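The values are calculated or read from the model by the stated rules, or taken from the named source; none is laboratory data. Since the structure is predicted, the reported quantities are computational estimates derived from the model, not experimental observations. Here the Cβ positions follow ideal geometry from the backbone for every residue, glycine too, while neighbour counts run over all protein chains shown.
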Amino acid sequence: MIRHPAKVLEPADLCRVLKHVKHQRHPLRNQVMVCLSFKAGLRACEIAGLDWSMVLRSNGKVGRNLRISKHIAKGRSGRPIPLHKTLAKKLQA
């Protein structure tokens, strides 16, 4: 079986997606979900399983990494994921 690289959005396409969801019912939530997928590389089941304890530091501020716990990760292997600055700003909002 030949493996092909994953298809990714060009920066202009991602901007278009973010602008589109900005005008929908829950704009900030939707923009965070798009960024979690495209800026952090999370799978849909990982996004659905996130909670604030995986995002916030002990002082209640957004950390530098997402801590994906093993119970939501593929293959049951938790991992830290560095936060992209765009995603961090949206999470802070």
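Things to note:
So that you can scan it fast, the table gives a plain yes or no per residue for (1) surrounded by fewer than 10 Cβ atoms within 10 Å (Cβ to Cβ); (2) at pLDDT below 95; (3) in a helix (DSSP H, G or I); (4) in contact with a strand residue (DSSP E or B) (Cβ under 9 Å, 6 or more places away or on another chain):
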residue: Lys7; (1), (2), (3), (4): yes, yes, no, no
residue: Gln24; (1), (2), (3), (4): no, yes, no, no
residue: Gly60; (1), (2), (3), (4): yes, yes, no, no
residue: Leu87; (1), (2), (3), (4): no, yes, yes, yes
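- Among the residues making up region 68-85, those that are within 26 Å of Cys15 (Cα to Cα), loosely packed, with under 15 Cβ neighbours inside 10 Å and in contact with a strand residue (DSSP E or B) (Cβ under 8 Å, 6 or more places away or on another chain) are Pro80, Pro82.
- Subset tally (residues that are farther than 25 Å from Pro27 by Cα and free of Cβ contacts under 8 Å to residues at least 24 places away in the same chain) for region 58-93: 11
- Lys70 being in contact with a helix residue (DSSP H, G or I) (Cβ under 6 Å, 6 or more places away or on another chain), modelled with pLDDT of 90 or more and charged (D, E, K, R): no
- Where Cys35 falls short, out of the listed (1) surrounded by 10 or more Cβ atoms within 10 Å (Cβ to Cβ); (2) at pLDDT below 90: (2)
- From the list Asn30, Asn65, the lone residue that is modelled with pLDDT of 90 or more and out of contact with any helix residue (DSSP H, G or I) (no Cβ under 8 Å at 6 or more places or on another chain) is Asn65.
- Scanning region 9-22 for residues that are in a loop (DSSP other than H, G, I, E, B) and either at pLDDT 95 or above or exposed (fewer than 12 other Cβ atoms within 10 Å of the Cβ) (or both) turns up just one, Glu10.
- Among residues of region 1-46, those that are among the β-branched types (Val, Ile, Thr) and within 16 Å of Ala88 (Cβ to Cβ), counted: 2
- Check on Ser77, polar (S, T, N, Q) and under 11 Å from the mean Cα position of the chain (by Cα): no
- Among the residues here, Ile47 does not qualify as surrounded by fewer than 17 Cβ atoms within 10 Å (Cβ to Cβ), at negative phi and either touching a Lys or Arg at 6+ places or on another chain (Cβ under 7 Å) or not in a helix (DSSP H, G or I) (or both).
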